[in-house]
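The values are calculated or read from the model by the stated rules, or taken from the named source; none is laboratory data. Predicted model only: the values in this text are computed from it and were never measured. Cβ sites come from the backbone with ideal geometry, for glycine too, and all protein chains shown count toward neighbours.
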Amino acid sequence: MAITLTRPVPERRSAVWLDALILVGFAAFLFGAASVAREWSQPRNLTVDIDLSLRSLPKYALYTFARAWLAYLLSLLFTLIVASWAFYDERARRFILVALDILQSLPVLAFLPVFELPLIALFPHSNVGLELVCVLAMFTGQVWNMTFSYYDSLRGTPPDFRMLGKLYNFNWWNRFWRVELPFGAQGLLYNSMVSMAGGWFFLTITEASTIGNQAYRVPGLGSYMSVANDRGDVRAVIYGIIAMSLVIVVVDRLIWGPLVSWSRKFKLDDFGTGGSRKSRLQLWLARSVAAQQIGAFLQRGKSRLIPPPKPPTAAESLVPPGTPPAQRGKFNRGLYYVLLFVLVLLLAKGAQSIWLLLAQVRGSEWLIILRDAGLSFARVLAAVLLGTLWTVPFGIWIGLNPKLSNRFQPFIQFVASFPSPMIYPALLLLVLAVGGTLQWGAVLLILFGTQWYILFNVAGAAAAIPNDIVCCADILRLSGWRRWQKFLIPAILPGLVTGWITAAGGAWNATIVSEILTVHGHAYEATGLGAYISHATDAGDFSRLTAASLVMALIVVVVNRSVWKRIQSLANERCRFIT
Amino acid sequence: MDSASTPLIELRHIGHDYAAAGQQSEPVLSDINLTIRENDAVALLGPSGCGKSTLLRVMAGLISPTQGEVFYKGMLLRGISPGVSMVFQNFALFPWLTVHGNVLLPVGTLPAAEQQSRLEKVLNTVGLGAYEYAYPRELSGGMKQRVGIARALIAEPEVLAMDEPFSALDVLTAETLRGEIGRLVADPNHPLRTMVFVTHNITEAVFLATRIVVMAAGPGRVDVVVPNTLPYPRDPDAPEFKQIVERLHGILTHTNLPETTPAEAGRVVTPIDESRRRIAPVSLPYVTPAEVLGLLALMGDASTDVFELAERFGKEFGYVVRVVKAAELLEFVQTPQHDALLTPLGQRLVAASTADQKRMVREQLLKLKIFELLVRLIKVQENQQLTAEELLRELQAALPHEKPKLLFRTLLSWGRYAEIISYDQRRHLIRNYESRGAQRTRTAAAVPPADVAQS
């Protein structure tokens, strides 16, 4: 007889209050969703009044939270579709990857008018249009790195499992759920966390923008902060920062944390002790009746949603001898070409309108754009350099010290997710107080937006240095400059370069929010491409906006390909530890 | 008798290459004809690179061959074969599913009760009854492969295809599992008695198979089919068993090792177009100097069977053959029959000092056409520096059947060891070693370079 073990049922002690909590949570979710729906369906109000009192903060936090998650779901959908398309369609692959690279480098302000005008016109009677603009703008801040990550994990799926899928006749739906998504889950999750932070970064702009002298504002934490900063209401600024921090911490603890520990089961290596490291939250959930019911419901839904693969049958795969090879997929191919044609047509139309816009920009204007680009370029470089100067020693210090990195990790993660534009006005006041100007001060603001990427990557690289090498450096008595030159800097170089690439990309985006600021109703401005783009948006001058955005994207892409990628491949080739 | 009339699987003139559109490439399989009938246990035996795994995948319908036709029970196969289940070398178990989930994967459309009864049956067959809710990472390699076998059996296939099912396991576990599969095959009550498996282990093939298909590489083709009618259970120590093993040894050696003088070696080592022979050099097997020197040191003075060497080192047969081939190309070893024997030069080499060894290897290497080509290529460069890309291009042109990158690394490792060339990794430049006399003293004491990764 077989000895069949049944799944152990978790203890049901102390479950009642948990059930109550889950029910309350569920009710809160419904209430929140209803509240968001009400706000969306209200008569259109392009510049909603923001109430700076503490009482309305929870409501604003809720609206922002909902927008961020809608944008995230959109990003996820986009990622899954576009990355799969790039993976399976060899002809389209190169174009998709190049397009993603360019879109990734475009500043968020370049997208705003594209969404804003048509969507607002589409919903003349409700806030839906404006809200959608907000969601889409956040989406453009979130989506790109997720897509790249999922594409990479599709390419990295072990071939044996693809074979297995083929053998068991998985259709694309089954293959996606049973092979591709599980293998991509960890990378996708990590990038989702990064993306969420990227989405928060432009909150102040996405929720409160001015296009063509028309101000647009939706209720939320971003608009709350921008109004509070405009009016110089220090108390409201502090409340806003606290609310934003709470949102970040709650998302991190209640959503990402459990997801990350759950995703460990998708690890392929055999050495992990996966599954055993359950958080307390998971244990509690396992004991709750309500959670068990939800789990059972999901399980039932799952088997309906993902039907088991039908084994190959003789009728499908066997034909009488002498049958000529089948001409499969003729209809599909036709459809594919039709779709491709439509897409190319749309792209051509887009290119034409961009060209028409660019044609309106005068020669002298191009010179101004180039001068501003040069200034912003200098600021970006300065910020990356300054960031490197302090993050490298600090990152190495905590990276080589596991205890310290455990202690600092949550803090750094929090600071990196916090949208620094919210505290830019405070930083600017600091700069002004010591007698500086925004021309120079913008470097500091940019620095605050991007230094964390370098710190993250340096600390990660330092933590990955094999212990043997550290011991060897100690035995050889490498110290002082030689220690840096021969050991530490080469050892972290691959991580440092990755950090530089991310930081430089972020820094360009940050120029838009740091080269032009309004504090206490007083506008401060620095000469640069970011300020130029902001002005062009405010004035609704789309030809100048397009020109400047394209120049920015071009600089990012060209510098990435010609400088950063080369340094990166060099660093990876020479300075990577092979284990 | 009617099972004999329509074979389960029939391969007719199967050929396959992985060439991308517009490219030419060496075929992996060429003109393979093979018939598998009910109750056959067929072993596909051969060195690595002879396309045996590809052939297995062709039988399962996972790969559609570029030439020829596959028949399943007299019908033409277009797609995944309905009656073939497969066991993978590295198990291919989903880490996020328990044994239960992994094994039930192929039969998800059956009624739940049927699923459960089949599950119990196959888990008992492979001895995993108590592991139903274990995750793969909790299991040892042998247990994982048992899950893999259970997953293949649960669909009640007509043919079980196994791709080197025991080669990822340690020796003892493999022995146990092999014995259990042997009992399954021998059991007249067990429904599954037809199987095809890929192996490079002769004993394994003789232990399990009723027919042994010996394959040869470049391009993959069937060399000989050896029937094996020994009754189950088979005893590896029985003289009849040993006789078949001996016979297979002989066949494999003939197809893999040149038997005669090194002058003729080129024919067997790399089949070269006669018209190009004048310029086409013989390739160097992809092994490092350290491996060849190690082999020579371990061989001793007596002539040794190559298979015995493989067994003694616990290495795959094909790998040992590669090392022996390299040693033979350099005239350190002779291979009469399927034995290997040190030449007088080889004996002197073993006894020599490190510096002398290098000198002797250098002299032998410089006799090879391929090193002649390399040295000449460096000489004709303007500043006596050859770029890596250039060499790769030349290698591809001179030896279109070889893998240029692997050959490049092999050449580098030999050339650097023998102090014929030096290579600047930073600028990807190859120079003549002699031309850098000033640095000679610094690198003269260099140890043999680290092993080139084995494919």
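Within this structure, residue B:32 passes the test of being more than 10 Å from chain A (Cβ to nearest Cβ) and of a type in the set (A, V, I, L, M). Scanning the stretch A:137-183 for residues that are more than 10 Å from chain B (Cβ to nearest Cβ) and among the hydroxyl-bearing types (Ser, Thr, Tyr) yields A:140, A:147, A:149, A:150, A:151, A:153, A:157. Among the residues of the stretch A:100-113, are any at pLDDT 90 or above, closer than 30 Å to residue A:219 by Cα and either within 14 Å of chain B (Cβ to nearest Cβ) or assigned to a helix (DSSP H, G or I) (or both)? No - not one qualifying residue is present in the stretch A:100-113.
Taken over the stretch A:542-562, the residue count meeting the criterion of being over 24 Å from the mean Cα position of the chain (by Cα) and surrounded by fewer than 19 Cβ atoms within 10 Å (Cβ to Cβ) is 2. Of B:79, B:83, B:101, B:108, all but one fail to be touching an Asp or Glu at 6+ places or on another chain (Cβ under 9 Å) and farther than 15 Å from residue B:153 by Cβ; the exception is B:79. Considering only residues in the stretch B:122-146 that are surrounded by fewer than 16 Cβ atoms within 10 Å (Cβ to Cβ) and either within 16 Å of residue A:168 (Cβ to Cβ) or touching a residue at least 24 places away in the same chain (Cβ under 8 Å) (or both), the one that is farthest from the chain's Cα centre (by Cα) turns out to be B:133. Being free of Cβ contacts under 8 Å to residues at least 12 places away in the same chain and closer than 24 Å to residue A:505 by Cβ is the filter here, so list the residues in the stretch A:409-439 that pass it. Matches in the stretch A:409-439: A:409, A:411.
Selection of the stretch B:121-157 for residues being farther than 24 Å from residue A:309 by Cα and facing chain A (nearest Cβ under 8 Å) yields B:124, B:129, B:130, B:137. The residues listed here are A:444, A:400, A:493; of these, the one that is aliphatic (A, V, I, L, M), closer than 20 Å to residue A:511 by Cβ and surrounded by fewer than 23 Cβ atoms within 10 Å (Cβ to Cβ) is A:444.
The set of residues in the stretch B:373-389 that are touching a Leu at 6+ places or on another chain (Cβ under 7 Å) and either part of a helix (DSSP H, G or I) or within 18 Å of residue B:285 (Cβ to Cβ) (or both) comprises B:374, B:377, B:378.
Which of the following residues is outside any helix (DSSP H, G or I) and of a type in the set (D, E, K, R): A:566, A:576? Within the list A:566, A:576, the selection yields A:576.
Evaluate the stretch B:106-119: report whether one residue or more is at negative phi and touching a residue at least 40 places away in the same chain (Cβ under 8 Å).
The initial filter retains those residues of the stretch B:106-119 that are at negative phi, namely B:106-119.
Among the residues that remain, those that are also touching a residue at least 40 places away in the same chain (Cβ under 8 Å) are: B:106-107.
Scanning the stretch B:106-119, I find at least one residue that is at negative phi and touching a residue at least 40 places away in the same chain (Cβ under 8 Å), so the answer is yes.
The single residue among A:443, A:431, A:415 that is touching a Lys or Arg at 6+ places or on another chain (Cβ under 9 Å), assigned to a helix (DSSP H, G or I) and assigned by TED's automatic domain parsing to the domain that holds residue A:501 turns out to be A:443. Residue under question is residue A:477, and the condition is that it be surrounded by fewer than 21 Cβ atoms within 10 Å (Cβ to Cβ), without any contact (Cβ under 8 Å) to a residue 24 or more places away in the chain and either part of a helix (DSSP H, G or I) or not basic (Lys, Arg) (or both); does it hold? No, not satisfied.
Taking the criterion of being over 27 Å from residue A:176 (Cα atoms) and either of a type outside the set (S, T, N, Q) or away from chain B (no Cβ under 14 Å) (or both), the residues of the stretch A:305-340 that qualify are A:319, A:320, A:321, A:322, A:324, A:325. Scanning the stretch A:31-70 for residues that are surrounded by 16 or more Cβ atoms within 10 Å (Cβ to Cβ) and outside any helix (DSSP H, G or I) returns A:48, A:50, A:52. Could you list, in sequence order, all residues of the stretch B:378-411 that are surrounded by fewer than 18 Cβ atoms within 10 Å (Cβ to Cβ) and among the acidic types (Asp, Glu)? Passing the criteria: B:382, B:389, B:390, B:394. Considering A:300, A:264, the condition of being assigned to a helix (DSSP H, G or I), at pLDDT 75 or above and farther than 27 Å from residue B:109 by Cβ is satisfied by A:264 alone.
Scanning the stretch B:76-120 for residues that are more than 8 Å from chain A (Cβ to nearest Cβ) and of a type in the set (D, E, K, R) returns B:114, B:118. Any chance the stretch A:346-365 includes a residue that's within 23 Å of residue A:88 (Cα to Cα) and under 32 Å from the mean Cα position of the chain (by Cα)? Among the residues of the stretch A:346-365, at least one is within 23 Å of residue A:88 (Cα to Cα) and under 32 Å from the mean Cα position of the chain (by Cα), which makes the answer yes. Taken over the stretch A:33-60, the criterion of being of a type in the set (Lys, Arg) and farther than 15 Å from residue A:132 by Cα is satisfied by A:55, A:59.
Within the stretch A:194-236, can you find the residues that are polar (S, T, N, Q) and more than 17 Å from residue A:117 (Cβ to Cβ)?
Once the filter is applied, which keeps residues that are polar (S, T, N, Q) and more than 17 Å from residue A:117 (Cβ to Cβ), the stretch A:194-236 yields A:195, A:204, A:223, A:226, A:229.
The selection criterion, being among the β-branched types (Val, Ile, Thr) and within 11 Å of another protein chain (Cβ to nearest Cβ), does not hold for residue B:54.
Could you tell me how many of the residues in the stretch B:205-243 are among the acidic types (Asp, Glu) and at pLDDT 90 or above? Within the stretch B:205-243, residues that are among the acidic types (Asp, Glu) and at pLDDT 90 or above number 1. Selection of the stretch B:60-75 for residues being of a type in the set (A, V, I, L, M, F, W, C), at the interface with chain A (Cβ under 7 Å from one of its Cβ atoms) and closer than 14 Å to residue A:166 by Cβ yields B:60, B:62. For the residues B:55, B:76, the requirement of being farther than 30 Å from residue B:230 by Cβ, outside any loop (DSSP other than H, G, I, E, B) and not acidic (Asp, Glu) singles out B:76. Taking helices (runs of 4 or more DSSP H) as the structural unit, those lying wholly within the stretch A:162-227 and holding at least 3 residues that are crowded, with 22+ Cβ neighbours inside 10 Å and under 25 Å from the mean Cα position of the chain (by Cα) correspond to A:181-201, A:203-207.
The single residue among B:117, B:53, B:64 that is more than 22 Å from residue A:182 (Cβ to Cβ) and in contact with a strand residue (DSSP E or B) (Cβ under 7 Å, 6 or more places away or on another chain) turns out to be B:53. The residues of the stretch A:124-177 that are touching a Lys or Arg at 6+ places or on another chain (Cβ under 9 Å), under 25 Å from residue A:48 (Cα atoms) and of a type outside the set (D, E, K, R), listed by number, are A:124, A:125, A:126, A:127, A:128, A:129, A:130, A:134, A:135, A:138. Here residue A:553 does not qualify as out of contact with any Cys (no Cβ under 8 Å at 6 or more places or on another chain), more than 20 Å from residue A:450 (Cβ to Cβ) and modelled with pLDDT of 90 or more.
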